[in-house]
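The values are calculated or read from the model by the stated rules, or taken from the named source; none is laboratory data. If you're wondering where the values come from, they're calculated on a predicted model, not measured in any experiment. Cβ placement follows ideal geometry from the backbone for every residue including glycine, while neighbour counts extend to all protein chains displayed. Just the protein is used for accessible areas: all its heavy atoms, side chains included, with ligands, DNA and RNA removed. Shrake-Rupley method; radii C 1.70, N 1.55, O 1.52, S 1.80 Å.
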Amino acid sequence: MSTATTRHHVAVIGAGAAGLVTARELRREGHEVVVFERGNQIGGTWVYNPDVESDPLGMDPNRYVIHSSLYDSLRTNLPRECMGFRDYPFIKRDEKGRDSRRFPSHREVLMYLKDFAANFGIGELVRLETEVVIVELGEGGKWRVKSRPLKSNNERVEIYDAVVICNGHHVQPRIAHIPGINAWRGQQMHSHNYRTPKPFRDQVVVIIGGAASAFDISREIATVAKQVHIADRSIKEDKQGKVPGHDHMWLHSTIESVHGSTVVFQHGKAVSADFIVHCTGYKYDFPFLETKGIVTVDDNRVGPLYRHVFPPELAPWLSFVGLPWMVAPFSVFERQSNWIAGTLSNRIALPSKEKMMEDVQAFYSSLEASGTPKRYTHKMADLQWDYDNWVSDQCGFPAIEEWRVQMYDATSKNRVLRAESYRDVWDDDDLADQAQKDFANYLIRQVPKL
């Protein structure tokens, strides 16, 4: 740690959860901050939009892009205690219009983020309905940011000392490769464009995927569809077949091919289907970023990045918040942004460019040695806590609370044990009580709603 501090002019791209907490941490550190947000309100992916894109697969580069991937009925798959920022807990509010459930709707998460922004005065830093056209390295190591208001063609060029990219990664769909799909007679959609089950009434639907969105969407579609078939490449053979508790839902292995309207699964079974829904994840995408090839996206690996945040060649003047997935995201955002703010103010020293590159290469080698596909570079799962605590150590931030780790693990187990009801039935009230006691240290700082 260094004792000298320096203030900088910093651009933050995106005003979702990552961008908001980044703006707070930067300003706390004394930096001058501008946040660019394409939407008409803060919240990022937590802003529900009932509209869908003209291309339901999301493959047409000329389509009008809808930022949000939320479906109308979505509830969080983590309890609110796990989700909130450390010093601004996601507590239950009993005011009219609020969702007091432990696993609340997406609307409640958005309200929490708006409460957070109001509490810390972040709104005044945000330029809404402003598209970032290009971010590129300019003279003297500065960053040239060109933006334009969506309601006019008046482009604006500004110079910043540093740029932090917080634009999320739930916008550009990844689509499953299926032999014969070009001759498919039915319809296709990516879950990015799923909102309600209404279009699937009396249809035979095949859903590709085995993660949270596939689970939720398959159950909801099953309430109106004729049949639902889930293709999950990770499903074990003894789990294939009819889903317990559902009369017209089946689990299958990966799709082998499609022929006309027939979908053939790897175990040899086939169904005649009307619709294929891809719940197959997303691609990292930074269409505005020009680094002359220093930072690239290769098979969903953003790199090279030191600990998922800093490109060694451009650190600390360019950084990323929120790339890790399969995590408790807000905890990651909070720590990464604190680290970035501290490095920019010269409170925290990064290793040399050479040492950072050595670390990146060692990490890539470890992934290759373990057989981890490149596209899983930013997947963390059980590794997230070590990562969070490592970042915490870099910047003097408190370690992850043990109750938060245990609650995350308990929820994961409960999701398996009570797949259909884990959001409403649980066995970790003792951990929730520990969280509430911890929250008492911070609640006095929250501004009450008037």
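Tabulated results
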item: Any hit, segment 155-167, residues being open to solvent by 20 Å² or more (accessible area, probe 1.4 Å), aliphatic (A, V, I, L, M) and within 30 Å of D72 (Cβ to Cβ); result: no
item: Residues of segment 369-390 classified as over 15 Å from the mean Cα position of the chain (by Cα) and open to solvent by less than 40 Å² (accessible area, probe 1.4 Å), total; result: 3
item: From the options A315, A328, A341, residue that is under 19 Å from the mean Cα position of the chain (by Cα) and more than 22 Å from E368 (Cα to Cα); result: A328
item: Of all residues making up segment 332-348, the number that are surrounded by fewer than 24 Cβ atoms within 10 Å (Cβ to Cβ) and among the polar types (S, T, N, Q); result: 3
item: Segment 269-284, subset among the hydroxyl-bearing types (S, T, Y) and part of a strand (DSSP E or B), residue surrounded by the fewest Cβ atoms within 10 Å (Cβ to Cβ); result: S272
item: Close pairs (8 angstrom Cβ cut-off, 6 or more residues apart or separate chains): within 15 Å of R101 (Cβ to Cβ) in segment 412-436, modelled with pLDDT under 95 and among the aromatic types (F, W, Y) anywhere; result: none
item: Those residues of segment 46-69 which are in contact with a helix residue (DSSP H, G or I) (Cβ under 8 Å, 6 or more places away or on another chain) and either polar (S, T, N, Q) or free of Cβ contacts under 8 Å to residues at least 40 places away in the same chain (or both), in sequence order; result: S68, S69
item: Residues (modelled with pLDDT under 95 and under 30 Å from E334 (Cβ atoms)) located in segment 139-171; result: G141, L150, G168, H169, H170, V171
item: K283 charged (D, E, K, R) and within 16 Å of N167 (Cβ to Cβ); result: yes
item: Among (1) modelled with pLDDT of 95 or more; (2) part of a loop (DSSP other than H, G, I, E, B); (3) surrounded by 12 or more Cβ atoms within 10 Å (Cβ to Cβ); (4) not aromatic (F, W, Y), the one test that D424 misses; result: (3)
item: Per-region count, segment 367-385, residues of a type outside the set (A, V, I, L, M), at pLDDT 95 or above and either more than 19 Å from V297 (Cα to Cα) or in contact with a helix residue (DSSP H, G or I) (Cβ under 7 Å, 6 or more places away or on another chain) (or both); result: 5
item: Some residue of segment 195-205 being touching a residue at least 24 places away in the same chain (Cβ under 8 Å), in contact with a Lys or Arg (Cβ under 6 Å, 6 or more places away or on another chain) and open to solvent by less than 30 Å² (accessible area, probe 1.4 Å); result: yes
item: From P329, P312, residue being surrounded by fewer than 22 Cβ atoms within 10 Å (Cβ to Cβ) and under 21 Å from V21 (Cβ atoms); result: P329
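Residues checked against (1) part of a strand (DSSP E or B); (2) in contact with an Asp or Glu (Cβ under 8 Å, 6 or more places away or on another chain); (3) closer than 24 Å to L57 by Cα; (4) free of Cβ contacts under 8 Å to residues at least 40 places away in the same chain:
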position	(1), (2), (3), (4)
V258	yes, no, yes, no
V264	yes, yes, yes, yes
H267	no, yes, no, yes
F286	no, no, yes, no
G293	no, no, no, yes
H308	no, no, no, no
S319	yes, no, no, no
G322	no, no, no, no
F330	no, no, no, no
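Rundown of residues vs (1) farther than 30 Å from T45 by Cα; (2) among the polar types (S, T, N, Q); (3) more than 30 Å from the chain's Cα centre (by Cα), yes/no style:
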residue: R185; (1), (2), (3): yes, no, yes
residue: S191; (1), (2), (3): no, yes, no
residue: D232; (1), (2), (3): no, no, no
residue: E237; (1), (2), (3): yes, no, yes
residue: V243; (1), (2), (3): yes, no, no
residue: D247; (1), (2), (3): yes, no, yes
residue: H252; (1), (2), (3): yes, no, no
residue: T262; (1), (2), (3): yes, yes, yes
residue: V271; (1), (2), (3): yes, no, yes
